[in-house]
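Heads up, the thing below is written out as structure tokens.
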Amino acid sequence: MKTNLKDLLEFPCSFTYKVMGLAEPELVDRVIEVVQRHAPGDYSPEVKPSAKGNYHSVSITINATHIEQVEKLYEELGDIEIVRLVL
């Protein structure tokens, strides 16, 4: 039985994205820029480097108001050219 994300969430809710991308200085700024377009607010993302330092993981939590917002952010965060994965 397949469960959809929208069936698991009750809006509004806190929703955390984990964005993994190349360890470039602009990664965090680009992630915040995309998030600000869909969920304006003050953000202090948590950044963790990979073991070899080639990649960074950026965790950012938003106050999600509807499923379309969550899905659009997944799409746009994944479109950042230095991003490799969005969880």
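Could you look through the stretch 63-73, keep only residues that are in a helix (DSSP H, G or I) and surrounded by 14 or more Cβ atoms within 10 Å (Cβ to Cβ), and pick out the one that is nearest to the chain's Cα centre (by Cα)?
Filtering the stretch 63-73 down to residues in a helix (DSSP H, G or I) leaves 67-73.
Those still in the list that are surrounded by 14 or more Cβ atoms within 10 Å (Cβ to Cβ) too: 67, 69-70, 72-73.
Values: I67: 14, Q69: 12, V70: 9, K72: 10, L73: 7 Å.
Among those residues, the one meeting the criterion is L73.
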Point to revise | One residue from V47, V58, V28 being in contact with a helix residue (DSSP H, G or I) (Cβ under 9 Å, 6 or more places away or on another chain) and in contact (Cβ under 8 Å) with a residue 24 or more places away in the chain | key: V58
Check your understanding: Which numbered condition trips up E76, out of (1) of a type in the set (D, E); (2) at pLDDT 95 or above; (3) open to solvent by 60 Å² or more (accessible area, probe 1.4 Å)?
Key -> (3)
Check your understanding: What is the number of the single condition among (1) open to solvent by 40 Å² or more (accessible area, probe 1.4 Å); (2) closer than 16 Å to I82 by Cα; (3) assigned to a strand (DSSP E or B) that P25 does not meet?
Key -> (3)
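To keep it simple, each residue is scored yes or no on (1) open to solvent by less than 60 Å² (accessible area, probe 1.4 Å); (2) assigned to a helix (DSSP H, G or I).
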residue	(1), (2)
V19	yes, no
D29	no, yes
V34	yes, yes
R37	no, yes
G41	yes, no
K48	no, no
K52	no, no
H56	yes, no
T61	no, no
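The values are calculated or read from the model by the stated rules, or taken from the named source; none is laboratory data. None of these values were measured; they are calculated from a predicted model. Note that each Cβ is placed from the backbone with ideal geometry, even for glycine, and that neighbours are counted across all protein chains shown. Only protein heavy atoms, including side chains, enter the accessible area calculation; ligands, DNA and RNA are left aside. Shrake-Rupley method; radii C 1.70, N 1.55, O 1.52, S 1.80 Å.
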